[in-house]
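Before any comments, here is the structure.
Since every read-out is calculated from the coordinates, none of them should be taken as a lab result. These numbers come from a predicted model, not from an experiment. Glycine gets a Cβ as well: all are built from the backbone with ideal geometry, and neighbour counts include every protein chain shown.
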Amino acid sequence: MIVSLRGKLIEATVLRVVIESAGVGYEVNIPVTTAERLPKVGSEIFLLIHHAFREDGQALYGFAVPEERDFFRLLVEKVSGVGPKLALTILSRLSLPVLRDAIIRSDVTLLSQCPGIGKKTAERLVVELRDKLGADLGTSSASAVSSSGAQPSAVSDAVAALIALGNKAADADKAVRAAVLKLGSGATADQLVKAALGR
């Protein structure tokens, strides 16, 4: 079982990387949030791995931070009807702080905006994960800070403000993630909104 991988990044796309380690190239599926943190091709990279076995083969899923890997595992192990590909799509569409906040608040509308997630699957996410998030991932604040780089309330509030201004949830979340990378962990919701709007 592969649990982590360190090596040279030799290929990178939005949802896939190839890492060469000890002369072997490993294809690893990644969410967009991990792709945003990738170093340049040719650089050393370290990813936490979820090794999935199927009847027709096996696949590696890589994550930059433990909280995203743990949330991915919760999705595939605890939510019926959610496999690795759909879990990766969910994590690629909305960042972990926004996903956690939506599940805790039972925001089925926001969750169902992810491709492949209908209302019933969104309701299952809420029912099956709401009570498990704190126990399995630690406190909400600690996980969100380390995965996004900013306070969870600031990230969620900024995303909510952009949605209220008419932006799609996924676009709002992507813009706020970019703002967090630009402004750093001390950014307020207001600063994140302004940066996301290009002001």
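What the table shows:
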quantity	calculated
Helical mean residue ellipticity (222 nm; -39500 (n - 2.57) per DSSP H run of 4+; nearest 500) of the chain	-14500 deg cm²/dmol
Stretch gain in nm, segment GLU44-GLU123, where the contour uses 0.36 nm per residue and the Cα spacing is subtracted	24.4 nm
Per-residue Cβ neighbour rank within 10 angstrom, fewest leading, ASP56, ASP70	ASP56, ASP70
Förster radius 45 Å - calculated FRET efficiency between THR188 and HIS51 (Cβ-Cβ, nearest 0.05)	0.70
Contour minus Cα-Cα distance for GLU20 and SER106 (0.36 nm per residue)	26.8 nm
FRET efficiency for ASP131 and ALA164, using Cβ-Cβ distance with R0 set to 22 Å, rounded to 0.05	0.15
Mean shadow area of the range 81-133 over all directions, Cα convex hull, nm²	3.1 nm²
Mean projection area, nm², convex hull over Cα of the chain	11.3 nm²
Cα-based Rg / Dmax (Å) for the range 4-64	10.9, 34
Between the range 4-66 and the range 79-93, the Cα center-to-center distance that results, in Å	17 Å
